[in-house]
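Asker: Take this structure, written in structure tokens, and hold onto it; I'll ask about it next.
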Amino acid sequence: MTSFKIAILGCGTVGGGVAKILLENADALKIKASASLELTKILEPYPARSSKRHNLPLALYCGTGKDLSADEVQKYLREILDDSTIDLIVETIGGSGQEILNIALQTLEHKKHLVTANKALLARHGAAIFSAAGRHERAVGFEAAVCGAIPIIRAISESLTADELMSISAIMNGTSNYILSKMEAEGRPFEEALAEAQKRGYAEADPSLDVGGGDAGHKLLILLKLVFGLDLSVESLPVEGIKEINSDDLAFAKEMDCSIKLICYAKKSGDDVFATVRPMMVKRANSLSKIGGATNAVRLIGRYAGEYLFCGAGAGSLETGSAIVSDINFIARYGTKAVRQFALSACRFRSFNEFAFPYNITFETEDIPGITGIVATAIGKQHINIDTVGHNRHTSDKAIFAIATMPCTHNQIQEAIADIQRHHPSCLVSYPKIIPILE
Ligand code: HSE
């Protein structure tokens, strides 16, 4: 049996999970990969700490066990790249700057396959990395980059190729989902729920990527490329996080029989694709409304087979590690043929603001006679059909109420708000909150 040699760069949460599975499950993996998967080197600046944390032999780490200086890290990196016996490098360092891009490109230039969980890197530099992989005839495994343990990349690129995928709606950031679930179920304030998510290790090193929607955006960009052939820059995808969601929004959602979720959404209409990441009110009849805690879920609608629902752990050491090891298996077994197929034809990306969707609009206004009429009239003037007007809440001098619309565009709603501001300048106390309703 041939031996397939692997090096891991970065042995924190995810890298440690990969190493553990490779060592612990070696016998079964040998059969599944048709090769003996040999973990030969781990490059990690803090070897002793990592070895202790993951219970891994210190002998696998580059160096003597002492913390490595930046120069030593570079020296060992060069040794790994120059070692022609190493077949595959697992990049679990993270980040999307030039240094990490160079490591990915050098891996491929040195004729090694690359497996990564790094969604930020792929979202920013996927085109350069995949083109280098093509040039150097090496594979890039990225199952772990989208929804941790859920095999969504494989499903889309291998299993669902006969279907035409028409829409994606997905919960792809466990931290945000955990926070929203806590706020909804236990009435906890945002900050408290975030602190607990961080304590449980769900959050990114920089939690603003989680709660700001950036992490979910990176994952949606990868799926947009895979499903619709869209090559978008990170900046061009409209992304809104959950920081502004408060107890009033959750209460209005409850009245509407909805949960609030951070949704990654994409919809194909002809050759156009509308996509966004933003909090949405999800109707209880939609399976995504029941996904609680840090769990991830992806709901796809296919032209032929209808609904597909994928659900599981989106983060975690062994969870994400298992997705990385499945890519290693695939590449060890199929070598340069282990290439995931992206969509062939590119669709046209359109602003979600032009797409008709049902919305919930929460108004905070002066508490004056006729205010509901003023707001409803402005909405009607934009040809928006109102579905429901929610209960009014009153503070000392303010009214807070929600209006749910039939499908209309965000642009129409903005026009209606501009109309109110023009004709009744002081009646809106704050800019209304506009949340799409996912049915
Ligand atoms: N921090 C991410 C999440 C996990 O909360 O889902 C890795 O992408």
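What follows draws every value from the coordinates through simple rules; no lab data is involved. Note that the coordinates shown come from a computational prediction; the quantities given were computed from them, not determined experimentally. Quick reminder, even Gly has a Cβ in these numbers, built from the backbone with ideal geometry, and neighbours come from all protein chains shown.
Asker: For n ≥ 4 DSSP H runs only, could you compute -39500 (n - 2.57) per run for the chain, divide by its residues and tell me the 222 nm figure to the nearest 500?
Answerer: -11500 deg cm²/dmol
Asker: How long are the semi-axes of the ellipsoid equivalent to region 306-381, from square roots of 5 times the Cα gyration tensor eigenvalues, in whole Å, largest first?
Answerer: Square roots of five times the eigenvalues give 51, 20, 10 Å.
Asker: Further question on the same structure: In region 239-269, which residues have a backbone nitrogen under 17 Å from the label point lying 7 Å from Glu192's Cα in the Cα-to-Cβ direction?
Answerer: Within reach of a label on Glu192: 245-251.
Asker: I would also like to ask the following. Taking the Cα-to-Cβ direction at Tyr334 and at Arg393 and moving 7 Å from each Cα, how far apart do the two end points lie in nm?
Answerer: Spacing of the two 7 Å Cα→Cβ label points: 5.1 nm.
Asker: Place a point 7 Å from Cα of Glu255 in the direction of its Cβ. Which residues in region 345-380 have their backbone N less than 17 Å from it?
Answerer: 359-368, 370-377
Asker: If you don't mind, another one. Amide H to amide H under 5 Å from Asp387: which residues, 5+ apart in sequence or cross-chain, H placed 1.01 Å off N in plane?
Answerer: Excluding prolines and chain starts, which carry no amide H, the hits are Ala404, Thr405, Met406.
Asker: Follow-up. Under a 5 Å amide H to amide H cut-off, with H placed in plane at 1.01 Å, what residues pair with Ile8 once short-range neighbours are removed?
Answerer: Placed amide hydrogens put Lys41, Ile42, Leu43, Val90 under 5 Å from Ile8.
Asker: Given the pairs Lys219/Lys268; Lys66/Lys199; Lys199/Lys433, which are separated by over 23 angstrom at their Cα positions?
Answerer: Cα-Cα > 23 Å for Lys66/Lys199; Lys199/Lys433; rest within.
Asker: Set Lys and Arg Cβ to +1 and Asp and Glu Cβ to -1, take the dipole of the chain about its Cα centre, and tell me which of Ser50, Ala195, Ala404 lies farthest positive.
Answerer: Working it through, the farthest residue towards the positive pole turns out to be Ser50.
Asker: Given N residues in the chain, what is Rg(Cα) / (2.2 N^0.38 Å)?
Answerer: 1.09
Asker: Quick one: Karplus J couplings for region 355-371, per residue in order, coefficients 6.51, -1.76, 1.60, θ = phi - 60°, nearest Hz, x for Gly and Pro?
Answerer: 9, 7, 8, x, 10, 10, 10, 9, 9, 10, 10, 4, 8, 10, x, x, 5
Asker: A further question follows. When only DSSP loop residues count, what trypsin sites (Lys or Arg not before Pro) in region 76-165 have their Cβ near at most 16 other Cβ atoms within 10 Å?
Answerer: Passing sites in region 76-165 are Lys111.
Asker: Suppose we keep just the DSSP beta bridges with both residues in the chain; what percent of those would be antiparallel, to 5?
Answerer: Given both bridge residues lie in the chain, the antiparallel proportion sits at roughly 65 percent.
Asker: Could you work out how far the C-alpha centroid of region 60-94 sits from that of region 1-45, in angstrom?
Answerer: Cα centroid of region 60-94 versus Cα centroid of region 1-45: 15 Å apart.
Asker: In nm, to one decimal, how far is the Ser131 label point from the Ala356 one, both placed 7 Å along Cα→Cβ?
Answerer: Modelled inter-label distance: 4.0 nm.
Asker: Separation between the Asp67 and Lys32 pseudo-spin-labels, each 7 Å from Cα along Cα→Cβ, expressed in nm?
Answerer: Calculated label separation equals 3.6 nm.
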